[in-house]
1. With +1 on each Lys and Arg Cβ and -1 on each Asp and Glu Cβ, and nothing else charged, work out how big the dipole of the range 42-95 is about its Cα centre, in Debye to the nearest 20.
2. Please report the net charge: other residues with Cβ closer than 14 Å to the Cβ of E37, K and R +1, D and E -1.
3. Could you give the length gained by full extension between E7 and R142, i.e. 0.36 nm per residue of separation minus their alpha carbon distance, to one decimal place?
4. For I150 and R71, what is the calculated FRET efficiency with R₀ set at 22 Å and r taken between the beta-carbons, to the nearest 0.05?
5. Here are a few candidate values for percent of Cα pairs over 28 Å apart: (i) 28; (ii) 19; (iii) 13. Which one was actually calculated from the structure I just gave you?
6. Please give the length that would be gained between N52 and E19 if that part of the chain were fully extended, namely 0.36 nm times their separation in residues minus their C-alpha to C-alpha distance (nm, one decimal).
7. So if we plug the beta-carbon distance of E130 and A106 into 1/(1 + (r/R0)^6) with R0 = 35 Å, what FRET efficiency do we get, rounded to 0.05?
8. Relative contact order of the range 1-110: what whole-number percent is it, with Cα pairs under 8 angstrom and at least 6 residues apart?
Amino acid sequence: MGRIDKENYYLDIAQTVAERSTCLRRCYGAILVRNDEIIATGYNGAPRGRKNCADLNYCTREALNIPSGERYELCRSVHAEANCIISAARSESLGATLYMACVNPADGSLIPNSTSCSMCRRQIINAGIERVVIRDTRDRYRVVAVQDWIDGDDSLPER
């Protein structure tokens, strides 16, 4: 048996963190790594002390058939990336890599082509994170240079 590469090692941990998610639609897990050390972890779930969708057995966005990526103001959850960033000092985030995995809570399968929403992208940029590694399959992943999100500013109106 061969030794697992570092990217998949950290993605395995992010995927395990996703098991703490309380979302009924998508279970995200994120870990922040700098200098080969895990700085923070985060998963998507309701703010501390509030009831979460898994306990309520109800998702407003699901009930309203809101497509993925839209109307996040109706979501009870704080996103995994945001929770991870909240748990780390900015000085620790500078130059770090955020590893992310997204799992379908219905069957436990990985959801390929997942990415951060525009609000989380802004938080990642401001935290000084350098790269985001996103798992697509058990051994395939994408590496995003955060500078690409800065250069390809998706918050500008199209002309």
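The values are calculated or read from the model by the stated rules, or taken from the named source; none is laboratory data. Worth saying up front: this structure is predicted, and the values here are computed from it rather than measured. Please note: Cβ atoms are built from the backbone with ideal geometry, for glycine as well, and neighbour counts cover all protein chains shown. Only protein heavy atoms, including side chains, enter the accessible area calculation; ligands, DNA and RNA are left aside. Shrake-Rupley method; radii C 1.70, N 1.55, O 1.52, S 1.80 Å.
1. With Lys and Arg at +1 and Asp and Glu at -1, about 180 debye.
2. Here the count lands on 0.
3. Additional length available on full extension: 47.6 nm.
4. Result of the calculation: an efficiency of 0.30.
5. Derived directly from the coordinates: (ii).
6. Full-extension gain reported as 10.4 nm.
7. Calculated value: 0.55.
8. Computed over the range 1-110, the figure is 35 percent.
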